[in-house]
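Take a look at the structure below.
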Amino acid sequence: MRFVDLIVKKRNGEPLSTEEIRFWIKGYVDGAIPDYQVSALLMAIVFQGMDACETADLTMAMMHSGDVLDLSCISGIKVDKHSTGGVGDKTSLALGPMVAACGARLAKMSGRGLGHTGGTLDKLESIRGFNCYLSREQFIQQVNDIGLAIVGQTGNLVPADKKLYALRDVTGTVDSMPLIASSIMSKKLASGSDAMVLDVKYGSGAFMKTPEQAIALGQEMMNIGTALGRRVCVMITDMDEPLGYAIGNALEVKEAIATLKGEGPKDFTQLCMEAGSRLLMMAGIASDLKDARARLSTAVESGTALNKLREMVSAQGGDVSQIDDPDLLPQAACVTGLTAKTSGYIAHMEAVRLGTLAMQIGAGREKQDDTIRPGTGIVLAAKVGDYVQEGQLLAQIYHDTPLTGQWIRDFYASYRITPEAARRNPLIYKILGEETYTQT
Ligand code: URA
């Protein structure tokens, strides 16, 4: 087989066979096929797409490119959650402890932020001493002991995705439905859980710009997961504006802690409750949605959910005094309030721009080796649909270095304030796959 023939085939819009996809992934991971040829194939896929069979074959080939985690020595149904990424998305930090406090076992491998989207590992590392890298044995032991672990990828999981994702990032080939679906699902399947909630975001801060695109991606991922015997629930959620109020690592940890105390933002709390209730049902812990929501509310009200976060932080070497007193988390050197220049309703906030602005002041990284400043970021004071008076606070900016004029101009450009009342998109647009757990 010659790799150039696969490139030509795909360029001409023909499907690749199972053998050809296996040849590609094996050859690329082994180093036999160079980046420049794979880049050409990726670009052909961006333009020509892949059918359901090719996407499933690619997912399987990537999943088996390295180790596949066996979680069978953890008793019960193991659940997982994945978000396609967004701005202010700190869901795992609150959702994990909430479902674990209700008896679910969440064995989660997370990633780092890149570009305008944040990463769970960076957020957790704003807690002093927190160790994201456990051995496979420690990871399994911790989930068995306390029902919860959130770690970086252990061992040699899906090396094909590591290479391909880095290449896609620099060749303009991230935005492709089959490439995103296979990238996400190969990692979810290799990390061994039985059931998962996939939060597929749409809007200005997400990869998928419209609900229709998000549904198509969600459906594709659900088909792959269910074909391999996993229970999969897909939530299509809004990412036109940031989730919650906080954007930035320690700031988001603080917001997650407030949410675990029942004092979190409405949208973020709703997302945790809805995703959490599906996880509890898929794990066979709750009989229906009402029961699931009641269990999650009790976990928050009784303090067991917050205590579960404490247990996880302690088990992974973190300083629990920062959970008990979030003011001990890293702080930025300066806080600057930016206020509305006109009175009116906030009609639009461009999440991608706000995420990029947070990244520019140190909350994220533009390049893989950039250093995070954990205390920096943005805390919004108002969101879409809210009325603001001229001079009223729009956001507090937490920064270590001076804000430039351009930065401040970009901040204001990410808002549209209108005299007419504006409506906020519903947070949850649609949920797919309810039958995978209501029939259990
Ligand atoms: N997240 C992933 O893990 N992979 C993608 O391709 C896009 C988002």
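Full extension of the segment from residue 369 to residue 334, taken as 0.36 nm per residue of separation minus the current Cα-Cα distance, would add 10.1 nm. Under the simplified labelling scheme, the residue 383-residue 8 pair shows an inter-label distance of 5.4 nm, with each label point 7 Å from Cα along Cα→Cβ.
A simple packing score, the average count of other Cβ atoms within 10 Å per residue, orders the peptides 36-48, 417-429 as 36-48, 417-429, with the highest score first.
Averaging over all projection directions, the Cα-based convex hull of segment 1-72 occupies 5.2 nm² in the image plane. Taking other residues whose beta carbon is less than 15 angstrom from the beta carbon of residue 300, and scoring Lys, Arg as +1 and Asp, Glu as -1, yields +2. Using the Stokes-Einstein relation with a Kirkwood hydrodynamic radius computed over Cα pairs, the translational diffusion coefficient of segment 193-268 at 10 °C and a viscosity of 1.306 mPa s comes to 114 µm²/s.
Residue separation of residue 17 and residue 162 scaled by 0.36 nm, minus their Cα-Cα distance, works out to 49.9 nm of gained length.
Label positions at residue 32 and residue 428, each projected 7 Å from the Cα along the C-beta direction, are separated by 4.8 nm. Secondary structure note: in the chain, about 50% of the DSSP beta bridges are antiparallel.
With contacts taken as Cα pairs under 8 Å and at least 6 residues apart, the chain reaches a relative contact order of 19 percent.
Looking at segment 245-325, the GluC sites (Glu not before Pro) that sit in a DSSP loop and have at most 15 other Cβ atoms within 10 Å of their own Cβ are 263.
Rounded, prolate or oblate: pick one for segment 191-321, where a ≥ b ≥ c are the square roots of the eigenvalues of its C-alpha gyration tensor, a/c under 1.5 means rounded, and failing that, prolate if a/b is larger than b/c, else oblate. Oblate is the answer for segment 191-321, as a/c is 1.5 or above yet b/c matches or exceeds a/b.
Each peptide in 135-143, 26-34 gets a packing score, the mean of other Cβ atoms within 10 Å over its residues, and the list from highest to lowest is 135-143, 26-34.
List the pairs from 209/308; 81/383; 108/254; 81/367; 10/162 whose alpha-carbon separation is above 32 Å, in the order I gave them. Before the final figure, lay out the partial values.
Numbers: 209/308 35 Å; 81/383 26 Å; 108/254 21 Å; 81/367 26 Å; 10/162 23 Å.
Violating the 32 Å Cα-Cα cut-off are 209/308.
The modelled label-to-label distance between residue 131 and residue 327, using points 7 Å beyond Cα along the C-beta direction, is 3.1 nm. Counted over all Cα-Cα pairs of the chain, pairs farther apart than 40 Å make up 17 percent.
Taken together, the values in this text are just the output of simple stated rules run on the coordinates, not laboratory data. Keep in mind the model is a prediction, meaning the values are calculated, not measured. All Cβ positions, even for glycine, are placed from backbone atoms using ideal geometry, and neighbour counts span all protein chains on display.
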